[in-house]
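The values are calculated or read from the model by the stated rules, or taken from the named source; none is laboratory data. Small disclaimer: the values here were computed from a predicted structure and weren't measured. Glycine also receives a Cβ, built like all others from the backbone with ideal geometry; neighbour counts cover every protein chain displayed. Accessible surface is based on the protein model in full, side chains and every heavy atom, while ligands, DNA and RNA are left aside. Shrake-Rupley method; radii C 1.70, N 1.55, O 1.52, S 1.80 Å.
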Amino acid sequence: MSVLAAGAFVAMNPQSAQAARIANGSRIDFIGNADAANTSIDFQEFLDALASGSFGSPTGDWVFVTTATGGFESSLNPGTTGSLPQAVGTIKDIDPVPFAGSLPAWLTFSTNNIAFELTSAVLGSDRQYFLEGVVTGNGFDPTPFSGELTTQISGAGVKTFSGIITAVPTPALLPGLSVMAVNVLRKRKKLKTASA
């Protein structure tokens with residue numbers, strides 16, 4: 001019975017069992033340029049004039065983190081240099097939409113060794129997409145995420161997007177605990193039947 005109680009404590013506190021798991025609700029907000037359609041999203045350079053500046057020269061289309069909370073905060077450290085975010089990443093196009101499968105390193109922050117593998121992208125309303133995938137790297141256990149990406153067209157015709165990714169880890173121990181609890185109940189029932 002004490003084993004079951006200890007297991008239940010670990011399941012309710014998954015951080016104690018797997019310290020590298022990203023906390024539920026950890027979130028990043030990021031921005032960039034994109035030409036979005038109902039069937040694909042073509043991400044484009046964002047402030048490409050900075051390619052030789054203080055952000056280095058990442059390959060691919062750039063994104064900037066504007067806010068990071070929870071487990072992402074210390075990893076991405078989204079402070080600012082002047083008025084620009086410091087955390088710079090790269091992003092891959094999504095084609096086709098809807099997308100279901102595996103797009104490894106869809107969004108990456110190489111200086112922080114964090115990658116987001118995209119497993120699903122679905123168009124919601126006009127220029128709004130719902131995303132799912134897995135966060136990897138930087139010593140994290142693979143952690144599921146959900147997200148949303150909304151695209152805008154400014155008055156100057158510039159096509160931008162804003163995205164949100166939220167970690168939604170599932171306690172890995174719950175299925176095992178369920179089996180363990182059923183086995184304990186079966187043993188009790190057998191003992192009760194045998195003693196009667």
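Scanning the stretch 106-119 for residues that are over 16 Å from ASP42 (Cα atoms), over 9 Å from the mean Cα position of the chain (by Cα) and assigned to a strand (DSSP E or B) turns up THR108, PHE109, ILE114, THR119. If you check LEU177 against the conditions, is it at pLDDT 65 or above and open to solvent by less than 40 Å² (accessible area, probe 1.4 Å)? Judged against the criteria, LEU177 is not a match. In the stretch 155-170, the residue that is modelled with the lowest pLDDT out of those that are outside any strand (DSSP E or B) and open to solvent by less than 50 Å² (accessible area, probe 1.4 Å) is GLY157.
State whether the residues of the stretch 136-153 include one that is of a type outside the set (Asp, Glu), over 15 Å from the mean Cα position of the chain (by Cα), closer than 20 Å to ASP61 by Cα and surrounded by 14 or more Cβ atoms within 10 Å (Cβ to Cβ).
First, the residues of the stretch 136-153 that are of a type outside the set (Asp, Glu): 136-140, 142-147, 149-153.
Those left that are additionally over 15 Å from the mean Cα position of the chain (by Cα): 150-153.
Then drop every residue that is not closer than 20 Å to ASP61 by Cα, which leaves 150-153.
Narrowing further to those that are surrounded by 14 or more Cβ atoms within 10 Å (Cβ to Cβ): 150-151.
Checking the stretch 136-153: at least one residue is of a type outside the set (Asp, Glu), over 15 Å from the mean Cα position of the chain (by Cα), closer than 20 Å to ASP61 by Cα and surrounded by 14 or more Cβ atoms within 10 Å (Cβ to Cβ).
Just a yes or no: is a residue in the stretch 111-125 over 17 Å from PHE161 (Cβ atoms), modelled with pLDDT of 95 or more and open to solvent by 30 Å² or more (accessible area, probe 1.4 Å)? So far as the stretch 111-125 goes, yes, one or more of its residues are over 17 Å from PHE161 (Cβ atoms), modelled with pLDDT of 95 or more and open to solvent by 30 Å² or more (accessible area, probe 1.4 Å).
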